[in-house]
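The values are calculated or read from the model by the stated rules, or taken from the named source; none is laboratory data. Quantities reported herein were computed from a predicted structural model and do not represent experimental measurements. Cβ placement follows ideal geometry from the backbone for every residue including glycine, while neighbour counts extend to all protein chains displayed.
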Amino acid sequence: MSEILTIDTEAGVVKEEQIEALPLYNENYVMLDDEIPEYADVLPNAYMSNLIKRLKYTMKLYAGIGLSANQCGVYERVFVIGTDQFQMACINPKVLEVSEKLDKSNEGCLSFPGLFLSIPRPFSVHAEFTDENGQLQRMWLDGLTARCYLHELDHMNGIKFTSKVGRVAISQGRRKQTKILKKMQRTQK
């Protein structure tokens, strides 16, 4: 659990806000196969604000650069992407256009610990989403940010990144995953 200190400028009082991590479900979790419908409530609101804070905290806790609500058992069309320096919440994300240029890079997923697959994705994406302040955003994302956006959007559409490669690539990735997980277990003892 993390504490966030905020200052109430009217009262001049520092408040402590407790943020609790969300559960993180693995690749077999049934909600990862579901297409999540659009979030229809008026934004911003306390529920979504709290959910986004918890998603960001959970993403950071597990050292991720992207996390979708459905990976945490929350049936809402929202995800967060980013690093310690920059984070972005995307509610009701859409793709307006993608570049013809493709980038094939290794990609992982918090719901598939230790599994890394070389996935081809567009290098740039023209994204549309509502931010955590309720503002509609349209912007071009490039490189790793575009890759993260598309990966998390796939989660919203019930698509797992393993469906983007062939059986041989998955088999090789699973062998490496087994080695990585065994090594992690040894270091935790």
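Out of Ala89, Ala40, I need the residue that is touching a helix residue (DSSP H, G or I) at 6+ places or on another chain (Cβ under 6 Å) and either closer than 15 Å to Arg147 by Cβ or at pLDDT 95 or above (or both). Which one? First the steps, then the outcome.
Numbers: Ala40 fails: touching a helix residue (DSSP H, G or I) at 6+ places or on another chain (Cβ under 6 Å).
One residue alone meets the criteria, Ala89.
I need the strands (runs of 3 or more DSSP E) fully contained in the stretch 31-143, keeping only those with at least 2 residues that are of a type in the set (Ser, Thr, Tyr). Quick ask: steps written out before the conclusion?
Details: elements: 66-68, 78-82, 87-98, 102-109, 112-122, 124-130, 136-142.
Per the criteria, 124-130.
Which of the residues that make up the stretch 129-177 are surrounded by 14 or more Cβ atoms within 10 Å (Cβ to Cβ) and hydroxyl-bearing (Ser, Thr, Tyr)?
Result: Thr130, Thr145, Tyr149, Thr162.
Which members of the stretch 44-65 meet the condition of being crowded, with 19+ Cβ neighbours inside 10 Å and aliphatic (A, V, I, L, M)?
Met48, Leu51, Ile52, Leu55, Met59, Ile65
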